[in-house]
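To start, the structure under review is shown below, and the notes come after it.
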Amino acid sequence: MVYAGTDPVSGKRHYLRETIPAGPKAEAEADKALRRLANQVDEQRNPRTSATLNQLLDRYLDVLDVGPSTQQMYTKYLEKHVRPFLGKVKAGAIDPDALDSLYAELRRCRIHCRTKGLVDHRTPREHECDERCRPHAGKPLAPATVRHIHFVLHSAFEKAVRWRWVSFNPVSLASPPAAGKPDPQPPTTAECARILDEAWREPDWGALVWLTMTTGARRGEICALRWNQVDLDAGMLTYRRAIAQYGTELVEKPTKTHQQRRVTLDTETVAALTEHRERAAERARLLGIDLPADAFVFSLAPDSSEPLVPGSVSQRYSRMATRLGIDTHLHSLRHYSATELIAAGVDVRTVAGRLGHSGGGTTTLRVYAAWLAEADQRAATGLSTRLPARPASSTADERAMADPRTPREDLAVARRDVLAGLYPPGSHLPGMKVLARERGLSVSTVHRAFKLLREWGVVEGDESQQPVVTAAIVAEQTAVPAAETQEAPAQLLKFELRRGSETLSAFSTIADPDSASDLERVLRGAHRRIGFAEDILNCELRVVRNGREFLTFVLL
């Protein structure tokens with residue numbers, strides 16, 4: 001035993017000890033050990049403390065200089081997966097074997113189950129178990145998470161070596177799981193077209209999805225974007241900040257790489273943002289104020305003063321993709337932007353600059369290298385030429401008339417019965433209870449449908465009275481068949497892209513049904529959005545108006 005000074009952690013006297021087994025050479029071996037330990041003390045190579053791993057991790061987290069989200073993640077990993085197993089062991093006694101055993105346990109089960117009969121309950125709240133509560137099956141921790149834990153421990157022991165708490169870093173000799181190969185799976189062009197069509201039912205949400213798709217920005221950067229960072233005249237925007245969520249608190253912080261970046265916008269994106277700004281300015285005018293220069297580009301607040309919640313944006317996108325039957329998530333749009341740029345022949349360094357990858361393109365090349373071969377085969381002038389056509393914006397009333405999505409709108413669209421002459425001008429529609437009983441709806445749903453009919457001008461009368469059919473509306477609509485042979489202005493129509501009896505795509509947009517050039521534009525745009533799966537000459541465009549087929553357009 002050799003005195004090695006005062007323990008900086010406990011403040012007690014610190015000794016180096018080594019036990020020599022009994023034997024004929026025990027005395028000689030003890031003398032060697034004594035000289036070896038004394039030399040370590042003289043040369044300051046000895047551990048200065050007998051602190052446990054828990055004490056080392058506490059000190060490491062105290063001096064760690066990272067963002068709050070990273071600090072929170074490291075603390076969670078250590079509390080849940082490291083301290084219960086090795087926390088009380090002396091830091092100097094941790095060896096590679098102990099670490100490899102820890103990693104093996106993490107790869108076995110993430111909750112570290114020990115007994116049989118454990119049940120995975122459907123909810124942590126009090127409940128009566130049913131078939132959804134099943135016997136526990138060990139679910140391993142993801143290899144990437146185990147590697148994160150390995151890197152945290154390696155960093156902690158590096159600090160310990162520098163502080164002379166331990167003599168060497170045992171984590172350097174441990175064997176974490178191998179890193180998985182990058183496998184970006186962006187949505188296809190056809191899937192992106194369906195996503196955009198669905199998103200643009202609400203123009204503000206469609207503009208957010210479009211901008212994410214074209215710039216490849218992270219969700220926090222999109223949420224933190226302000227109008228004073230967007231130069232629509234120059235066709236450029238600057239990502240300077242990002243929104244992070246800590247529990248229920250939203251915090252504006254620097255970007256992930258702590259660098260701002262400027263991104264050039266194509267003409268379609270400039271047009272989409274211009275329309276979006278006009279909508280935001282109109283909402284502000286309704287409040288009697290001007291849209292502030294530093295207002296958030298995307299916000300649910302009428303004056304655009306509050307950012308969107310990044311987690312909510314991801315959840316909304318995932319729910320939309322699930323409704324469409326597409327297995328994807330919001331971050332995949334970042335992959336889509338990168339892969340399409342590379343396939344279009346853009347150099348990796350430029351792609352890395354647009355995405356905000358550090359290292360001059362090293363990350364971009366490592367993740368997206370598999371797509372570089374495609375860049376030699378596909379010639380394209382840029383990302384904007386590869387994107388599907390941007391759906392036209394429409395008001396809520398136009399969308400409800402052309403594409404009813406709720407029972408209230410379905411019932412309101414039953415105005416076709418009125419327009420078909422079933423109810424002459426001045427006649428009364430059936431009462432709310434009668435319609436509710438006939439259609440299997442609640443009376444409140446019918447009441448809201450009548451309110452929508454009043455807004456459209458189909459019926460009139462006080463809400464307490466039985467609705468009366470408006471003569472002007474009936475007269476206007478009964479004249480439609482005769483006007484079908486005359487020139488009509490552009491209007492919101494429903495279209496179907498078909499091949500024989502198969503419907504390839506169904507959508508709504510504004511067009512002139514009597515303009516061949518307009519219909520050709522719609523046909524070619526719809527054909528491009530399905531990913532050029534069919535020859536355009538084999539396809540036909542059917543125009544639907546007032547619930548029935550109006551005409552069929554083909555290219556000869």
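Each value in this text was obtained by applying a stated rule to the coordinates, not by laboratory testing. Please read these numbers as outputs of a predicted model, since none were measured by experiment. Cβ placement follows ideal geometry from the backbone for every residue including glycine, while neighbour counts extend to all protein chains displayed.
Between R349 and D266, residue separation times 0.36 nm minus the direct Cα-Cα distance comes to 28.0 nm.
A Cβ-based charge dipole, computed about the Cα centre of the range 144-278 with Lys and Arg at +1 and Asp and Glu at -1, lands at about 1120 debye. Take the Cα of S101, step 7 Å toward its Cβ, do the same at S427, and the gap between the two points is 8.7 nm. Protection proxy ranking for 163-173, 61-71, 335-345, 196-206, using the average of other Cβ atoms within 10 Å per residue and placing the highest first: 335-345, 196-206, 163-173, 61-71. When the trypsin sites (Lys or Arg not before Pro) in the range 234-305 are filtered for DSSP coil states and for at most 15 other beta-carbon atoms within 10 Å of their beta-carbon, the remaining sites are K256. If a spin label sat at a point 7 angstrom from the Cα of L64 along the line to its beta carbon, the backbone N atoms of the range 246-282 nearer than 18 Å would be those of 246-247.
The calculated FRET efficiency for the pair S175 and N538, based on their C-beta separation and a Förster distance of 56 Å, comes to about 0.45.
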